[in-house]
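The values are calculated or read from the model by the stated rules, or taken from the named source; none is laboratory data. None of these values were measured; they are calculated from a predicted model. Cβ placement follows ideal geometry from the backbone for every residue including glycine, while neighbour counts extend to all protein chains displayed. Just so you know, the surface numbers come from the protein's heavy atoms only, side chains and all, with ligands and any DNA or RNA stripped out. Shrake-Rupley method; radii C 1.70, N 1.55, O 1.52, S 1.80 Å.
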Amino acid sequence: MRLLVLVVLSIALMVVDARFTLLKPVRSQMSLVLMQSYWITDLPQRLWQGVASQFGSRTELVAENEKLKTENLLLQGRMQKLAALTEQNVRLRELLNSSALVNEKVEVAELIGMDPNPFTHRIIINKGERDGVILGQPVLDARGLMGQVVELMPYTSRVLLLTDTTHSIPVQVNRNGLRAIASGTGNPERLELRHVADTADIKEGDLLVSSGLGQRFPAGYPVATVKEVIHDSGQPFAIVRAVPTAALNRSRYLLLVFSDGRTAEERANDAAQAQEALDQHGGGPIIPATVPKPVPATVAPAAPAATPAAAAPAPATLAPATPAKPAKPAASKPPAASKPSAVKPAVKPPVSEPAATGRQE
């Protein structure tokens, strides 16, 4: 009787977990307990790696050191070339008035478990929601894209690999830019391109990179290499099989990519606002160029009227008009002459002096 009750309860829990989301909080909290079991089961391998690294022979270490030095030298040479290409790309984008590319931020994660179901390709990593991981975040290794995060827990996450039958990713041929959709086949060593025209320019050895059209994976990361292209004259589409560039069943350390989370509309709006601000900033100097012109006209007449010593030359120029009365107005009417000079030049700068002479007469 107890066995029957437990069997019925187990079946009910499986149905609820598969059809509804009621048990997600429970599963999230159970991951905290299972995290300890992951650590304990991984402890023997950690100990073995530590002992092996401590008792490694000196010859192997010297050979590995020389190999790493050679690889480091080669990578430094390539990095110098890539730095030059990056700077050239930035200059070209500035010439095209395009927004600059932003380097994605990455974080290292470690593989701590795999899904035992042979029909699904999922792995578990040691980074979760409290580490800033989000749903749909791309995951890659040292060779290329591996998959995306499909389930979050506080300290761990589940990653769906590219080769899962339910996974698809938009790609393009690096040689000519031909776009296609790469879908998983259930085989960890094979991807298949769907609905590729029989006349499409694609051949064995072509590198497939992410196109970024799905707004999920960043563009430009290696995805797979074309292994086989089968043309059938009786079929409208060719059969294209590819091998993933990432070591899906061998990589232990992975990279989580934190790319720009804005949508295409938000990026377009931000670019439009930046361009509008740039146009306003570029058109700003036109306004100050027209404003300073009346300023000297208002300051220059005020300087002779401000000081009595400077007022003496002014009657000398007006002496033919009023030779007998410059002595009295010089002491009694400087304010009256200054008021019209501030108002009249703003309206009619050329006739400001005749208006002042008329007032003095």
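When you look at Phe258, is it touching a strand residue (DSSP E or B) at 6+ places or on another chain (Cβ under 6 Å) and modelled with pLDDT under 90, yes or no?
Working: touching a strand residue (DSSP E or B) at 6+ places or on another chain (Cβ under 6 Å): yes; modelled with pLDDT under 90: yes.
So Phe258 fits the description; yes.
Among the residues of region 232-259, which ones are small (Gly, Ala, Ser) and in a loop (DSSP other than H, G, I, E, B)? Even if it seems obvious, please write down each step before you answer.
Of all residues in region 232-259, those small (Gly, Ala, Ser) come to 233-234, 238, 242, 246-247, 251, 259.
Passing the criteria: Ser233, Gly234, Ala246, Ala247, Ser251, Ser259.
Tell me yes or no: at least one residue of region 181-190 is more than 22 Å from Asn117 (Cα to Cα) and modelled with pLDDT of 90 or more. Reasoning before the result, please.
Narrowing region 181-190 to residues more than 22 Å from Asn117 (Cα to Cα): 181-182.
Right, trim to modelled with pLDDT of 90 or more and you get 181-182.
Yes: one or more hits.
Could you please find all residues in region 20-79 being among the hydroxyl-bearing types (Ser, Thr, Tyr) and part of a helix (DSSP H, G or I)?
Ser28, Ser31, Ser37, Tyr38, Thr41, Ser53, Thr59, Thr70
In region 212-236, what residues are modelled with pLDDT of 90 or more and within 18 Å of Gly144 (Cβ to Cβ)?
Here is the first cut: in region 212-236, the residues modelled with pLDDT of 90 or more are 222-230.
Result: Pro222, Val223, Ala224, Thr225, Val226, Lys227.
Please go through region 192-244 and pick out each residue that is over 18 Å from Leu161 (Cα atoms), surrounded by 16 or more Cβ atoms within 10 Å (Cβ to Cβ) and of a type outside the set (Val, Ile, Thr).
The answer is Ala200, Asp206, Leu207, Ala238.
Does Asp206 fit the bill of being touching a Phe, Trp or Tyr at 6+ places or on another chain (Cβ under 9 Å) and either among the charged types (D, E, K, R) or within 15 Å of Met146 (Cα to Cα) (or both)? So that I can check it myself, show each step before the final result.
Values: touching a Phe, Trp or Tyr at 6+ places or on another chain (Cβ under 9 Å): no; either among the charged types (D, E, K, R) or within 15 Å of Met146 (Cα to Cα) (or both): yes.
When the stated conditions are applied, Asp206 does not pass them.
Kindly indicate which of Leu140, Leu178, Leu152 is of a type in the set (A, V, I, L, M, F, W, C), touching a helix residue (DSSP H, G or I) at 6+ places or on another chain (Cβ under 9 Å) and open to solvent by 10 Å² or more (accessible area, probe 1.4 Å). Quick ask: steps written out before the conclusion?
Working: Leu140 fails: touching a helix residue (DSSP H, G or I) at 6+ places or on another chain (Cβ under 9 Å); Leu178 fails: touching a helix residue (DSSP H, G or I) at 6+ places or on another chain (Cβ under 9 Å).
The conditions single out Leu152.
Being at pLDDT 80 or above and over 30 Å from Gly220 (Cβ atoms) narrows it down to one residue among Thr41, Thr70; which is it? Lay out the reasoning, then the answer.
Numbers: Thr70 fails: over 30 Å from Gly220 (Cβ atoms).
Matching residue, one of Thr41, Thr70: Thr41.
Would you confirm, using the coordinates I've provided, whether Ala197 is touching a residue at least 40 places away in the same chain (Cβ under 8 Å), under 17 Å from Leu248 (Cβ atoms) and among the hydrophobic types (A, V, I, L, M, F, W, C)? First the steps, then the outcome.
Details: touching a residue at least 40 places away in the same chain (Cβ under 8 Å): yes; under 17 Å from Leu248 (Cβ atoms): no; among the hydrophobic types (A, V, I, L, M, F, W, C): yes.
Answer is no for this residue.
For region 198-215, which positions are over 18 Å from Pro244 (Cα atoms) and out of contact with any Pro (no Cβ under 7 Å at 6 or more places or on another chain)?
Correct list: Thr199, Ala200, Asp201, Gln215.
Being modelled with pLDDT under 80 and touching a helix residue (DSSP H, G or I) at 6+ places or on another chain (Cβ under 8 Å) is the requirement here; does Leu23 meet it?
Details: modelled with pLDDT under 80: yes; touching a helix residue (DSSP H, G or I) at 6+ places or on another chain (Cβ under 8 Å): yes.
Answer is yes for this residue.
Is it the case, given these coordinates, that Val159 is of a type in the set (Val, Ile, Thr) and surrounded by fewer than 22 Cβ atoms within 10 Å (Cβ to Cβ)?
On the way: of a type in the set (Val, Ile, Thr): yes; surrounded by fewer than 22 Cβ atoms within 10 Å (Cβ to Cβ): no.
In short, no.
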